[in-house]
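Comments concern the structure below.
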Amino acid sequence: MSFLPIINVSELLRLQDSDEIVLVDARAGLNAQENYQNKHLKGARYVDLNKDLATADCNPANGGRHPLPSLDKFSEVLSKLGISRSSHIVVYDDKNGSNAAARFWWMLKAVGHEKIQVLNGGFQEAVKAGFPLSTEIENFKKVEKYPVSSWKLGLADIEEVEKARNNPDNIVIDVRDKNRFDGLTEPLDLIAGHIPGAVNVPLTENLDENGLFKTPEQLAEKYQSIIGNKKTENSIVHCGSGVTACHTLLAMDYAGIQIPKLYVGSWSEWSRNNREMKLKENN
C-alpha cells in the first residue's frame with residue numbers, strides 16, 4: 001500500500017479506531033505541552049520539538065537553532081512514543097503542518113519509515129470536523145528500540161550551501177516569508193536578511209485560501225517551474241532553523257517530486273558565521 005504524505009481529516013475519522021494508527025501531537029511553542037494537556041485529539045501522544053526533534057542546549061552557530069538529534073536519541077524518542085517499524089503514524093500541529101509536524105514527518109522518512117502522514121489543516125481542521133478531543137493522559141506501551149542506522153534523505157551543510165548558491169546547476173530555496181527574506185524583519189535570529197543567491201518561495205504558497213495543501217498537480221506545476229531543468233538532487237531547501245523548510249519538502253513529496261536536500265542549519269547558522277549576507281541596506 002502506498003502512503004501519501006498528506007491525510008485529510010475525513011480519512012482520519014474513518015481510521016480513528018484502528019489499532020494500527022499512532023496519532024502524534026507535535027504542536028510547538030511556549031505553552032505547547034500545556035495546550036496538549038488541556039486539550040488534544042483523542043489518542044494523540046505528544047512529541048516535543050525542542051527536546052525530541054532537535055538537540056537541546058545547542059550552539060546556533062554550529063548547526064542552527066534546531067540541529068537534528070543523534071540517531072540514537074531519535075530512536076529512543078520513537079520507542080518512547082510506542083512507534084515501531086510497522087506503525088502507521090499521523091502527526092499534526094496547529095500551523096498547517098508547517099512547524100514540528102513536517103519536521104517529524106521528514107525525520108521519520110529520513111530513517112526509512114514509509115507509513116507516516118501529516119494531517120491536512122492540522123489541529124484546527126480536526127476540531128472543526130468534530131474529531132473527538134481528550135484531556136486524559138494517553139496510555140500506550142513503550143516498544144523495543146526503533147532500529148535506525150542513518151539519515152537516508154539528503155542533507156546539505158553550510159559548505160555545500162556556500163558552493164551551491166553560486167552554481168547555476170544548483171538552486172537554494174528559502175521558505176521564510178518575504179519580509180524576513182528581504183531583511184525587513186527578523187523575529188528569531190540576530191541578523192535580518194538572506195543567503196545571497198537563494199530564491200524566496202514562502203511555504204505559505206503551498207496552501208490554499210483555507211489553509212489546506214494545494215493539490216499535488218498544483219504543487220508539481222509550481223515547483224517544477226521553479227526548479228526548471230536542474231536536477232532535484234542539486235536543490236537545497238532551508239528556512240530559519242531547519243523546521244519549517246520541511247513543510248516545502250513535504251509539499252514537494254506530495255507533488256510526486258523527489259525530496260531535495262535539507263539545510264538544517266539554515267539562516268540561524270549562516271547568519272552567525274560571517275558568511276556573505278544580503279541585508280536590507282543592500283537590497
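Derivation of every value follows stated rules applied to the coordinates shown; laboratory data play no part. Computed from a prediction, not measured in an experiment: that's the story for all the values here. Using ideal geometry, Cβ is built from the backbone for each residue, glycine included, and neighbour counts are taken over all protein chains shown.
Charge tally around A26: other residues with Cβ under 11 Å, Lys/Arg +1 each, Asp/Glu -1 each, net -1. Its Cα centre serving as origin, the stretch 6-134 has a Cβ charge dipole (Lys and Arg +1, Asp and Glu -1) of approximately 140 debye. Modelled spin labels at K128 and S70, positioned 7 Å past Cα toward Cβ, are 4.3 nm from each other.
Computed per residue of the chain from DSSP H runs no shorter than four, each worth -39500 (n - 2.57), the mean residue ellipticity at 222 nm is -8000 deg cm²/dmol. Pairwise Cα distances in the chain exceed 34 Å for 17 percent of all pairs. Screening the chain for whole DSSP H helices of 27 Å or more along their axis (Cα) with average Kyte-Doolittle hydropathy at least 0.0 returns none.
In order along the stretch 16-33, the Karplus-derived 3J(HN,Hα) couplings, from 6.51 cos²θ - 1.76 cosθ + 1.60 at θ = phi - 60°, round to 4, 8, 6, 5, 7, 7, 10, 8, 10, 8, 10, 4, 10, x, 4, 10, 4, 5 Hz, and Gly and Pro are given as x.
Spacing of the modelled spin labels on K231 and D208, each 7 Å from Cα toward Cβ, amounts to 3.6 nm.
Residues whose amide H lies under 5 Å from that of V24, counting only those 5 or more places away or on a different chain, are R45, V90, V91, Y92; hydrogens are built 1.01 Å from N in the peptide plane. With springs connecting C-alpha atoms under 10 Å apart, model the chain as a Gaussian network and identify which of G130, G197, G242 has the largest mean-square fluctuation. Ranking G130, G197, G242 by mean-square fluctuation puts G130 first.
Would you please calculate the Kirkwood hydrodynamic radius of the stretch 158-282 over all C-alpha pairs and express it in Å, rounded to one decimal?
On the way: mean 1/r = 0.0686 Å⁻¹.
Kirkwood hydrodynamic radius for the stretch 158-282: 14.6 Å.
State, as an integer percentage, the relative contact order of the chain based on alpha-carbon contacts under 8 Å between residues 6 or more apart.
Values: 569 pairs, mean separation 64.5, N = 283.
In percent, rounded to a whole number, it is 23.
Over all pairs of different C-alpha atoms in the stretch 203-244, the reciprocal of the mean inverse distance, the Kirkwood hydrodynamic radius, equals 11.8 Å. Under conditions of 25 °C and 0.890 mPa s, the stretch 215-283 yields 185 µm² s⁻¹ as its translational diffusion coefficient, taking Rh as the Kirkwood radius over Cα pairs in the Stokes-Einstein equation.
Separation of the stretch 207-227 and the stretch 11-77, taken as the distance between their Cα centroids, equals 26 angstrom. Here the mean projected area of the convex hull built on the C-alpha positions of the stretch 6-134 is 7.6 nm².
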